[in-house]
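Data block below; observations after.
The values are calculated or read from the model by the stated rules, or taken from the named source; none is laboratory data. Predicted model, so just to flag it, every value in this text is computed and none were measured. Glycine gets a Cβ as well: all are built from the backbone with ideal geometry, and neighbour counts include every protein chain shown. With ligands, DNA and RNA removed, areas are computed over all heavy atoms of the protein, side chains included. Shrake-Rupley method; radii C 1.70, N 1.55, O 1.52, S 1.80 Å.
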Amino acid sequence: MAKCCEQFMSGWHIKQCDRNATTEYEGNPYCKQHNPELRRMRDEESTRKWNEKREHEKKRKLIEAYWLVIDDLNDCGLLKSSEDTLLNRVDQLKKQLESENG
Ligand SMILES: [Zn+2]
């Protein structure tokens with residue numbers, strides 16, 4: 001079986017990847033790790049996951065902040081009954097995010 005064609009610096013020498021090539025890209029043999037197409041897909045996937053996580057974290061912080069404010073307002077007796085729905089809604093969102101996380 002052909003070896004992966006990826007070359008990289010190892011100290012002062014250029015080395016070739018010694019894995020067997022199990023994939024091909026633009027006519028060149030590559031192992032799964034060095035195939036540029038698979039690499040790109042891995043990068044995109046990790047970027048997507050990272051963005052998703054960041055987005056989730058942003059929402060969690062916002063809801064946490066809302067919750068603290070509303071809870072304080074409630075403690076001080078400043079919430080009127082019409083605002084209870086807001087309290088419930090934030091509580092709902094909080095639980096929803098927690099379950100998404102787990
Ligand atoms: Zn390789």
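Carbon and sulfur together cover what percent of the accessible area of the chain at a 1.4 Å probe radius? Please report the intermediate quantities before stating the final value.
Numbers: 4340 of 8390 Å².
Here it works out to 52 percent.
Averaged per residue, what accessible surface does the chain expose to a 1.4 Å probe, in Å²?
Working: 8390 Å² over 102 residues.
Heavy-atom SASA per residue in the chain reads 82 Å².
Of the residues His13, His34, His56, which exhibits the maximal mean-square fluctuation in a Gaussian network model of the chain defined by a 10 Å Cα contact cut-off?
Residue with maximal mean-square fluctuation among His13, His34, His56: His13.
Principal axis extents for the chain, Cα atoms only, whole Å, descending order, please.
74, 28, 20
Which angle from 0 to 90°, rounded to the nearest 10, does the C-alpha axis of helix 36-75 make with the longest principal axis of the chain?
10 degrees
Between helix 84-101 and the chain, what is the angle of the helix's C-alpha long axis to the longest principal axis, kept within 0 to 90° and rounded to the nearest 10?
Once rounded, one gets 20 degrees.
By how many nm would the segment from Glu64 to Leu79 lengthen if fully extended, with 0.36 nm per residue of separation less the alpha-carbon distance? If you can, show how the numbers build up before the last one.
Numbers: separation 15, 0.36 × 15 = 5.40 nm, distance 1.78 nm.
Gain on extension, Glu64 to Leu79, equals 3.6 nm.
Taking the chain as a whole, which cysteines find no other cysteine Cβ under 4.7 angstrom from their Cβ?
Cys5, Cys76, each lacking another Cys Cβ under 4.7 Å.
Using a ≥ b ≥ c from the Cα gyration tensor of the range 52-102 (square roots of the eigenvalues), is it rounded, prolate or oblate, where a/c under 1.5 gives rounded and otherwise the larger of a/b and b/c decides, a/b for prolate?
It comes out prolate by the Cα gyration axes.
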